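Some notes on the structure that comes next.
The values are calculated or read from the model by the stated rules, or taken from the named source; none is laboratory data. Given the structure is predicted, the values throughout are model-derived calculations rather than measurements. Reconstructed Cβ throughout: ideal geometry from the backbone, glycine too, with neighbour counts over all protein chains shown. Heavy atoms of the whole protein, side chains included, go into the accessibility calculation; ligands, DNA and RNA do not. Shrake-Rupley method; radii C 1.70, N 1.55, O 1.52, S 1.80 Å.
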Amino acid sequence: MPVNNLYCWNFEVISAPDFVLWGQVKANALRAKELCSVIEPKSIDLLCFPEMILSGYVFEDSDEILPYLELPKEGPTSQMCASLARRLGCYVLAGYPERLLQIPDLDTDNYTHRCANSAIFYGPNGDFIGNYRKTNLFITDRTWAKAGFGFTSFDLPAPIGKLTLGICMDLNAQPPADWKARGRPYEIAEYAMKENADVVVLLNAWLDSGVRMHYCKNEKELGFIESVDWTTVEFWATRLKPLWVQAEELSSPNKEDDEGENGKRTIVVVCNRTGEEKGKSPMLVTSIRGQTFAGSSAIFSMHRGSGKPRVIGIMSRREDGARTWMIVKDRVSSL
């Protein structure tokens with residue numbers, strides 16, 4: 001069906017599978033470009049790579065990550081994103097470890113080098129759009145990264161509109177709340193609502209839940225069910241609850257329509273890592289479950305007041321490649 005005259009978004013999600021070799025920046029950049037080589041110019045609007053896509057994610061401390069730090073607009077992740085954005089004529093997002101310029105230490109009068117877990121954003125002409133620093137740091141980040149000062153949004157032309165950006169742990173509750181909580185506070189979801197965001201993008205290196213078995217209607221469904229980390233996908237959707245239900249009384253189990261009578265639709269893109277890194281859990285501790293990244297990159301359609309989120313596209317735990325989802329007004333299809 002021709003789509004030239006239709007209002008549509010084409011999202012390309014790179015799940016960053018086992019090609020991410022820890023510390024091998026050039027090899028990872030080449031593999032990322034290879035995955036994108038099949039994408040036709042002007043065929044997509046937004047291309048997403050996960051958290052710290054070229055360097056890898058698991059670093060013991062600031063000394064270990066030091067050789068892989070990048071300045072925004074200058075480092076290999078920026079160069080890769082700018083190149084892909086120019087060739088494809090689309091927006092490109094990717095996570096990277098940022099080297100901060102010398103700033104005063106918050107606790108002393110000394111000046112010190114700091115670093116951040118960041119995301120870089122480029123536009124269709126290869127122009128720099130912006131930079132974001134992860135606000136809610138995970139245990140692995142805290143050994144080397146400085147937290148950002150809050151979430152951010154970007155006003156973009158149609159069809160994307162206002163885009164809210166977060167990185168992995170940003171989806172979790174912030175201290176002093178329990179970071180594993182499914183309920184309030186819903187910081188990034190409430191921020192996206194306040195911003196009236198059309199799109200929310202999360203660039204993740206989220207761990208596998210370890211749960212393999214879910215209820216299946218029949219054996220034919222079992223392979224698909226086990227190939228996706230549904231426990232993690234459900235958690236992501238739950239942490240974004242304000243985007244699909246403003247209050248409990250608005251929930252309705254009989255509401256099947258995608259629009260929902262109460263409100264705005266927000267497209268949520270979760271771009272996650274797969275595989276293992278350095279042969280160990282990125283948690284760096286044994287008391288918390290999980291030995292691999294969860295994969296299961298997904299795209300959701302969330303309507304305020306609808307009472308439920310819709311998963312409109314999903315990748316598997318270990319899917320090696322890229323996936324494009326096209327959203328045409330109220331209809332969604334996988335290309």
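Summary table
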| item | result |
| --- | --- |
| Pair list, Cβ under 8 Å, 6 or more apart: region 137-149 residue outside any loop (DSSP other than H, G, I, E, B), other residue crowded, with 21+ Cβ neighbours inside 10 Å and among the basic types (Lys, Arg) | ASP141/LYS134; ALA145/LYS134 |
| One residue from ILE188, ILE167 being out of contact with any helix residue (DSSP H, G or I) (no Cβ under 8 Å at 6 or more places or on another chain) and either touching a residue at least 40 places away in the same chain (Cβ under 8 Å) or within 22 Å of ALA294 (Cβ to Cβ) (or both) | ILE167 |
| Strands (runs of 3 or more DSSP E) enclosed by region 229-335 - at least 3 residues per element that are at pLDDT 85 or above, open to solvent by less than 70 Å² (accessible area, probe 1.4 Å) and over 30 Å from GLU60 (Cα atoms) | 265-271, 298-303, 310-314 |
| Residue, farthest from LEU203 (Cα to Cα), within region 112-152, restricted to residues that are among the charged types (D, E, K, R) and open to solvent by less than 40 Å² (accessible area, probe 1.4 Å) | LYS146 |
| Any chance ASP155 is crowded, with 21+ Cβ neighbours inside 10 Å and either of a type in the set (Asp, Glu) or free of Cβ contacts under 8 Å to residues at least 12 places away in the same chain (or both) | no |
| Residue match in region 198-208 (condition: open to solvent by 20 Å² or more (accessible area, probe 1.4 Å) and charged (D, E, K, R)) | yes |
| So GLY210, is it part of a loop (DSSP other than H, G, I, E, B) and closer than 26 Å to GLU74 by Cβ | no |
